[in-house]
1. For PRO57, are the conditions met, namely being in a loop (DSSP other than H, G, I, E, B), in contact (Cβ under 8 Å) with a residue 24 or more places away in the chain and out of contact with any His (no Cβ under 9 Å at 6 or more places or on another chain)?
2. Would you pick out the residues in the range 107-124 that are within 18 Å of GLY32 (Cβ to Cβ) and either open to solvent by 50 Å² or more (accessible area, probe 1.4 Å) or hydrophobic (A, V, I, L, M, F, W, C) (or both)?
3. Give me a count of the residues in the range 139-197 that are small (Gly, Ala, Ser) and closer than 30 Å to PRO76 by Cβ.
4. Confirm whether THR79 is in contact with a Lys or Arg (Cβ under 7 Å, 6 or more places away or on another chain) and touching a residue at least 40 places away in the same chain (Cβ under 8 Å).
5. Is it fair to say VAL91 is within 17 Å of the chain's Cα centre (by Cα), under 22 Å from ARG155 (Cβ atoms) and surrounded by 23 or more Cβ atoms within 10 Å (Cβ to Cβ)?
6. With VAL164, VAL190 as the choices, which residue is within 21 Å of PRO37 (Cβ to Cβ) and either among the hydrophobic types (A, V, I, L, M, F, W, C) or open to solvent by 20 Å² or more (accessible area, probe 1.4 Å) (or both)?
7. So THR12 passes all but one of these: (1) open to solvent by 20 Å² or more (accessible area, probe 1.4 Å); (2) within 21 Å of ILE157 (Cβ to Cβ); (3) outside any helix (DSSP H, G or I). Which condition number does it fail?
8. Being part of a helix (DSSP H, G or I) and either open to solvent by 50 Å² or more (accessible area, probe 1.4 Å) or acidic (Asp, Glu) (or both) is true for just one of LEU141, LEU127, LEU104. Which residue is that?
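The values are calculated or read from the model by the stated rules, or taken from the named source; none is laboratory data. Everything numeric in this text was worked out from a predicted model, so none of it was measured. Cβ coordinates were reconstructed from backbone atoms using ideal geometry, including for glycine residues, and neighbour counts include every protein chain displayed. Accessible surface areas use protein heavy atoms only, side chains included; no ligands, DNA or RNA. Shrake-Rupley method; radii C 1.70, N 1.55, O 1.52, S 1.80 Å.
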Amino acid sequence: MSASVTPEDVETFERCIAVGGVALFPADTVYGLAAEPDSAEAVRRLYALKGRRPDKPAAVMFFRLELALAALPELPGRTRAAVEQLLPGGVTLLLPNPARRFPLACADAPEVLGVRVPALSGALAPLAAISWPVLQSSANLSGAPEARSLDEIDRSIKDGVDLVLDGGELPGTPSTVVDLTRFEDGEFDVVRDGAVPSSRVEAVLRSLR
């Protein structure tokens, strides 16, 4: 299996998601699982593969920044500016979601949405052609370490998905999680340190206050 994602892989990935499948794929940080965000059955399967509790939220991944911004037109000005500064990249942004979009990703907090836009280059660059968002979570059993290569992914997950894409060895550090739900008031919180240093995130956000 190739360690570079091809345009044909991208087409197969999109078909898999469109018919309610679950795909294992490489992102800019770690390997992830992807499903159609509005398919309750696909999301249930993804959570079951991980052994993840259904009341825990996931993130929605867009493969280009302009697609994320178009899908969330109600983002207020300062928060939108923060999104434009921090994405694409190895961060997950918790954003205000007053329209309650993508409810299956939000679990018990429908007015908060986690959003990812990966930085795709090199072997992963073809993934930027994907036009539709996916609900995504890291491709590991709940509580287990994230995977930087396919070899590190539990066999039960690899056997249970409908598609496996190989992107070779990834950096292996999960995304930094940043809460921007109150950024219009100048408040933010780095919930989890990760791929992007919190100092860099804080510097960007303070410049926008």
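1. Against the criterion (in a loop (DSSP other than H, G, I, E, B), in contact (Cβ under 8 Å) with a residue 24 or more places away in the chain and out of contact with any His (no Cβ under 9 Å at 6 or more places or on another chain)), PRO57 qualifies.
2. Here is the first cut: in the range 107-124, the residues within 18 Å of GLY32 (Cβ to Cβ) are 107, 113-124.
Once the filter is applied, which keeps residues that are within 18 Å of GLY32 (Cβ to Cβ) and either open to solvent by 50 Å² or more (accessible area, probe 1.4 Å) or hydrophobic (A, V, I, L, M, F, W, C) (or both), the range 107-124 yields ALA107, LEU113, VAL115, VAL117, ALA119, LEU120, SER121, GLY122, ALA123, LEU124.
3. Here is the first cut: in the range 139-197, the residues small (Gly, Ala, Ser) are 139, 142-144, 147, 149, 156, 160, 167-168, 172, 175, 186, 194-195.
Then drop every residue that is not closer than 30 Å to PRO76 by Cβ, which leaves 175, 186, 194-195.
Matching residues across the range 139-197 total 4.
4. On the way: in contact with a Lys or Arg (Cβ under 7 Å, 6 or more places away or on another chain): no; touching a residue at least 40 places away in the same chain (Cβ under 8 Å): yes.
No.
5. Working: within 17 Å of the chain's Cα centre (by Cα): yes; under 22 Å from ARG155 (Cβ atoms): no; surrounded by 23 or more Cβ atoms within 10 Å (Cβ to Cβ): yes.
Considered against the rule, which asks whether it is within 17 Å of the chain's Cα centre (by Cα), under 22 Å from ARG155 (Cβ atoms) and surrounded by 23 or more Cβ atoms within 10 Å (Cβ to Cβ), VAL91 comes out as no.
6. Values: VAL190 fails: within 21 Å of PRO37 (Cβ to Cβ).
Unique residue meeting the criteria: VAL164.
7. All conditions are met except number (3).
8. Working: LEU141 fails: part of a helix (DSSP H, G or I); LEU127 fails: either open to solvent by 50 Å² or more (accessible area, probe 1.4 Å) or acidic (Asp, Glu) (or both).
On inspection, the qualifying residue turns out to be LEU104.
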